[in-house]
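The values are calculated or read from the model by the stated rules, or taken from the named source; none is laboratory data. It should be emphasised that the depicted structure is a prediction, and the values quoted were computed from it without experimental measurement. Note: ideal-geometry Cβ built from the backbone for every residue, glycine included; neighbour counts use all protein chains shown.
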Amino acid sequence: MIAACRAAKRQLAIGYRLHFEPNNLEMVRMAREQTFGAVKVIETSAGFHIDDPKQWRLNKALSGGGSLMDIGIYALQAARYISGEEPVSVSAQVSITDPVKFKPGVDESVVFTLQFPSGVLANCTSSYSAFLNRFRANAERGWFELQPALNYEGIKGRMRAEGGPKEFTLPAVDHFAAEMDDFSDCILNDKPTRVPGEEGRRDLRIMTAIYQSAASGKRIKL
């Protein structure tokens, strides 16, 4: 897809809506500007409970995998854009508590740790059995987080400030409208998108390594 779009002189963008959501962008700003000093440990989690055992998400032929390939992309993406780095290694474990519902190749829950060049660690979780919805950056002199972090609406942020926690006060936006407006702007004004096809390819490469680590029990270098 990337090569075809390049050959046709067309842009390819990935539908990563949180790159256009104000609270997630504020997390990125605070990390880059080191509002509370350098970020040292990142925690991201994304998950929900699936009741219907016949849902398409539990069919590997339709879904390509399990929770990591679906809701897990939010946890992986958040770790990457908050850190501002690309991971150099990953270690992971897959857990299945309901073997009747979750067949081989369809992961129920995945816990993975990303190590970045600066030494920052990100502990990440994806799940199809637990409700998880939080991104947190732990820095030298405080922390900042989103909870819920990835809802279509109602995302809330807060940070540790003098005198106690303080909430983000940012406008609510339609994520999809903001995303489509930016895509249109890129087309009309021949600007590069912030979420090109290469961004999706990077995530797939990391997810492949996560599965390899879980299967082998070893840390995988990237």
Query raised in the report: Is it the case that some residue within region 199-208 is of a type in the set (A, V, I, L, M, F, W, C) and in contact with a Leu (Cβ under 8 Å, 6 or more places away or on another chain)?
Result: yes
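Matching residues to (1) touching a residue at least 24 places away in the same chain (Cβ under 8 Å); (2) of a type in the set (Ser, Thr, Tyr); (3) more than 27 Å from Asn189 (Cα to Cα):
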position: Ala7; (1), (2), (3): no, no, no
position: Phe20; (1), (2), (3): yes, no, no
position: Gln34; (1), (2), (3): yes, no, yes
position: Lys40; (1), (2), (3): yes, no, yes
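For Ile71, are the conditions met, namely being among the β-branched types (Val, Ile, Thr), in contact (Cβ under 8 Å) with a residue 40 or more places away in the chain and in contact with a Ser or Thr (Cβ under 7 Å, 6 or more places away or on another chain)? Talk me through it step by step, then tell me what you get.
Values: among the β-branched types (Val, Ile, Thr): yes; in contact (Cβ under 8 Å) with a residue 40 or more places away in the chain: yes; in contact with a Ser or Thr (Cβ under 7 Å, 6 or more places away or on another chain): yes.
Yes; evaluated as a whole, the condition is true for this residue.
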Query - Filtered residues of region 116-143 (kept if over 25 Å from Asp70 (Cα atoms) and assigned to a strand (DSSP E or B)) - result: Asn138, Ala139, Gly142, Trp143
Query raised in the report: Can you tell me which residue in region 7-43 is farthest from Arg194 (Cα to Cα), limited to those that are in a loop (DSSP other than H, G, I, E, B) and among the aliphatic types (A, V, I, L, M)?
Result: Ala38
Query - Residue in region 126-138 that is aromatic (Phe, Trp, Tyr), touching a residue at least 40 places away in the same chain (Cβ under 8 Å), buried (at least 19 other Cβ atoms within 10 Å of the Cβ) and farther than 15 Å from Arg80 by Cα present - result: yes
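Count, please, the residues in region 209-222 that happen to be surrounded by 12 or more Cβ atoms within 10 Å (Cβ to Cβ) and either at pLDDT below 95 or polar (S, T, N, Q) (or both).
Filtering region 209-222 down to residues surrounded by 12 or more Cβ atoms within 10 Å (Cβ to Cβ) leaves 209-214, 219-220, 222.
Checking which are either at pLDDT below 95 or polar (S, T, N, Q) (or both) leaves us with 212-213.
Of the residues in region 209-222, 2 are surrounded by 12 or more Cβ atoms within 10 Å (Cβ to Cβ) and either at pLDDT below 95 or polar (S, T, N, Q) (or both).
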Query raised in the report: Out of curiosity, is Leu76 among the aliphatic types (A, V, I, L, M) and either over 17 Å from the mean Cα position of the chain (by Cα) or part of a loop (DSSP other than H, G, I, E, B) (or both)?
Result: no
Requested in this report: Show the residue pairs that are 6+ apart or on different chains and have beta-carbon atoms under 6 Å apart, the first residue being within region 51-66 and in contact (Cβ under 8 Å) with a residue 12 or more places away in the chain, the second being small (Gly, Ala, Ser).
Outcome: Arg57/Ser63; Lys60/Gly105
Report task. Look at region 74-104 and say how many of its residues are under 15 Å from Phe48 (Cα atoms) and buried (at least 21 other Cβ atoms within 10 Å of the Cβ). Result -> 3
Query raised in the report: In region 165-214, what count of residues is obtained for those that are over 22 Å from Asn151 (Cα atoms), in a helix (DSSP H, G or I) and free of Cβ contacts under 8 Å to residues at least 24 places away in the same chain?
Result: 7
Query raised in the report: Name the residues in region 144-164 that are closer than 13 Å to Asn133 by Cα, in a loop (DSSP other than H, G, I, E, B) and either modelled with pLDDT under 95 or of a type outside the set (Val, Ile, Thr) (or both), would you?
Result: Gln147, Pro148, Ala149, Leu150, Asn151, Tyr152, Glu153, Gly154, Lys156
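Taking the condition touching a Cys at 6+ places or on another chain (Cβ under 7 Å) and touching a residue at least 40 places away in the same chain (Cβ under 8 Å), does Leu12 pass? Show your work before the answer.
Values: touching a Cys at 6+ places or on another chain (Cβ under 7 Å): yes; touching a residue at least 40 places away in the same chain (Cβ under 8 Å): yes.
Judged against the criteria, Leu12 is a match.
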